[in-house]
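The structure appears right after this line, and notes come after that.
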Amino acid sequence: MSTRILGIETSCDETAAAVVDDGRVVVSSVVSSQIDLHARFGGVVPEIASRAHVDLIGPVIADALGEAGTDLDGLDAVAACHGPGLAGALLVGVSAAKALALVADLPYVGVNHLEAHLYAAWLEEADLLAPLAVLIASGGHTLLVIVEDHGRYRVVGQTVDDAAGEAFDKVARFLGLGYPGGPAIDQLAAEGDPEAIAFPRAMPGAADFSFAGLKTAVVNHVRAAPDAAVADVAASFQAAVVDQLTDKLAAAADEAGASALVLGGGVAANSSLRARVEALAAASGRRAFLPPLALCTDNAAMIAAAAWWRLRSDGPTPLDAGVDPTLALTSL
Ligand code: KG4
Ligand code: ZN
């Protein structure tokens with residue numbers, strides 16, 4: 001008998017629900033993005049996100065159950081992301097999950113969003129062997145994690161200021177390229193010269209990341225040379241981000257003797273980052289695991305996958321547990 005879990009994700013600006021069997025088989029996965037609602041503000045507005053989650057959560061869950069051809073009776077547990085994320089947004093998903101768990105008499109499982117990103121890898125590649133060197137880079141997070149085993153992680157590096165995706169978004173806004181900035185810069189960079197401008201590679205040799213200085217360097221460069229080709233600025237900025245991310249990923253993988261390099265988070269969609277990680281893995285005899293975009297960006301299948309392991313190791317989460325907007329990934 002398989003264990004079927006409904007996962008719910010509402011930590012930021014995606015309302016998502018999914019049904020996953022045994023933490024591995026995605027039976028349905030529905031993601032409703034709010035990008036259009038936030039685009040004109042150039043970033044996610046927490047209050048707008050919470051209200052949109054309230055409107056969308058019911059239909060999204062109904063869609064996920066409908067696509068899976070199941071009702072609540074067919075489930076074995078209900079899971080929701082309980083942090084980190086926006087407090088009001090998290091509360092919507094967690095409240096919905098608890099309500100369903102109560103009416104259907106099912107266990108509730110609260111899931112750490114960052115742990116869930118790690119589990120996205122196993123959804124596609126069940127035979128990935130630890131240790132894994134995983135880079136999670138999104139609009140809210142930049143994290144380098146060595147996965148020793150299920151539930152055993154070593155966070156070896158994080159950003160000391162902006163997240164990598166945030167840097168893409170801020171630089172794109174400054175260059176007038178719109179929101180979200182990552183895809184816009186990625187596209188424009190293809191027409192530019194990545195070596196045109198020598199932007200700084202922050203914190204060489206350290207495991208932590210920093211992107212605020214790079215963003216300032218781009219602003220200063222464009223103000224000093226307003227006629228610089230925007231494609232060259234985009235390509236040179238992107239090269240500086242990708243160099244920083246991959247240098248630290250490679251060093252962490254070497255130090256841990258990792259068998260594979262894994263990407264997660266929205267920035268994993270970046271074409272230059274993906275190509276570089278593939279090349280790095282090939283050069284060091286490791287596997288590269290670059291999940292499809294739908295699993296890199298926020299989704300509920302990864303929540304249900306992580307919940308399956310958590311339910312087995314820790315049992316259900318008490319219904320009086322709340323949300324934790326600053327929840328960290330527990331180190332070994
Ligand atoms: O994981 P995600 O969908 O949401 C969270 O932030 O949790 O990541 C969104 C971030 C945005 O900052 C966006 O600009 C960035 O991922 N992104 C990219 C690309 N596509 C999305 N960054 C660089 N290159 C891309 N192709
Ligand atoms: Zn995320």
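What to note about this one:
- Test: residue in segment 124-133 that is within 17 Å of Val27 (Cβ to Cβ) and modelled with pLDDT under 95: yes
This table checks each residue for (1) open to solvent by 40 Å² or more (accessible area, probe 1.4 Å); (2) more than 15 Å from the chain's Cα centre (by Cα); (3) at pLDDT 95 or above.
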site: Ala235; (1), (2), (3): no, yes, yes
site: Thr246; (1), (2), (3): no, yes, yes
site: Ala250; (1), (2), (3): no, yes, yes
site: Arg287; (1), (2), (3): yes, yes, no
site: Ala305; (1), (2), (3): no, no, yes
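- Failed item, numbered, when Ala130 is tested on (1) more than 12 Å from ligand 2 (Cβ to nearest atom); (2) out of contact with any Asp or Glu (no Cβ under 9 Å at 6 or more places or on another chain): (2)
- Comparison of Asp36, Asp21 shows that the only residue that is within 21 Å of Leu311 (Cβ to Cβ) and out of contact with any Leu (no Cβ under 8 Å at 6 or more places or on another chain) is Asp21.
- Meets criteria (open to solvent by less than 50 Å² (accessible area, probe 1.4 Å), within 29 Å of Leu132 (Cα to Cα) and away from ligand 2 (no atom under 16 Å from the Cβ)) for Ala225: no
- Candidate set: segment 128-148, residues that are of a type in the set (Gly, Ala, Ser) and under 14 Å from Val277 (Cα atoms); chosen: the one farthest from ligand 1 (Cβ to nearest atom): Ala133
- The single condition among (1) surrounded by fewer than 16 Cβ atoms within 10 Å (Cβ to Cβ); (2) within 20 Å of the chain's Cα centre (by Cα); (3) within 15 Å of ligand 1 (Cβ to nearest atom) that Arg152 does not satisfy is (3).
- Matching helices (runs of 4 or more DSSP H) fully within segment 220-314 where at least 2 residues are under 19 Å from Gly151 (Cα atoms): 230-256, 301-314
- Failed condition for Pro194, given (1) crowded, with 21+ Cβ neighbours inside 10 Å; (2) more than 18 Å from Leu143 (Cβ to Cβ); (3) not hydrophobic (A, V, I, L, M, F, W, C): (1)
- Unmet criterion (only one of (1) open to solvent by 30 Å² or more (accessible area, probe 1.4 Å); (2) within 21 Å of Leu293 (Cα to Cα); (3) touching an Asp or Glu at 6+ places or on another chain (Cβ under 6 Å)) for Leu188: (3)
- Any hit, segment 310-320, residues being within 13 Å of ligand 1 (Cβ to nearest atom) and open to solvent by less than 60 Å² (accessible area, probe 1.4 Å): no
- Any hit, segment 271-291, residues being more than 30 Å from Ala234 (Cβ to Cβ) and in contact (Cβ under 8 Å) with a residue 40 or more places away in the chain: yes
- Qualifying residue in segment 22-32 (condition: open to solvent by less than 30 Å² (accessible area, probe 1.4 Å), in contact with a strand residue (DSSP E or B) (Cβ under 7 Å, 6 or more places away or on another chain), small (Gly, Ala, Ser) and closer than 28 Å to Asp314 by Cα): yes
- Residue ID - surrounded by the most Cβ atoms within 10 Å (Cβ to Cβ), chosen from residues in segment 49-90 that are over 24 Å from the mean Cα position of the chain (by Cα) and in a loop (DSSP other than H, G, I, E, B): Leu75
- Every listed requirement among (1) open to solvent by less than 10 Å² (accessible area, probe 1.4 Å); (2) within 16 Å of ligand 2 (Cβ to nearest atom); (3) out of contact with any Ser or Thr (no Cβ under 9 Å at 6 or more places or on another chain) is met by Gly139 save one, (1).
- In the condition set (1) away from ligand 2 (no atom under 16 Å from the Cβ); (2) within 20 Å of Asn112 (Cβ to Cβ), Ala39 is compliant with all but (2).
- Condition broken by Pro183, with the remaining ones in (1) touching a residue at least 60 places away in the same chain (Cβ under 8 Å); (2) surrounded by fewer than 21 Cβ atoms within 10 Å (Cβ to Cβ); (3) over 16 Å from the mean Cα position of the chain (by Cα) satisfied: (3)
- Which numbered condition Gly165 misses (of (1) away from ligand 1 (no atom under 12 Å from the Cβ); (2) open to solvent by less than 10 Å² (accessible area, probe 1.4 Å); (3) under 15 Å from the mean Cα position of the chain (by Cα); (4) not aliphatic (A, V, I, L, M)): (1)
The values are calculated or read from the model by the stated rules, or taken from the named source; none is laboratory data. Remember, it's a predicted structure, so these values are computed and weren't measured experimentally. Note that each Cβ is placed from the backbone with ideal geometry, even for glycine, and that neighbours are counted across all protein chains shown. Ligands, DNA and RNA are stripped out before the accessible areas are found, and what is left, the full protein with its side chains, is counted by its heavy atoms. Shrake-Rupley method; radii C 1.70, N 1.55, O 1.52, S 1.80 Å.
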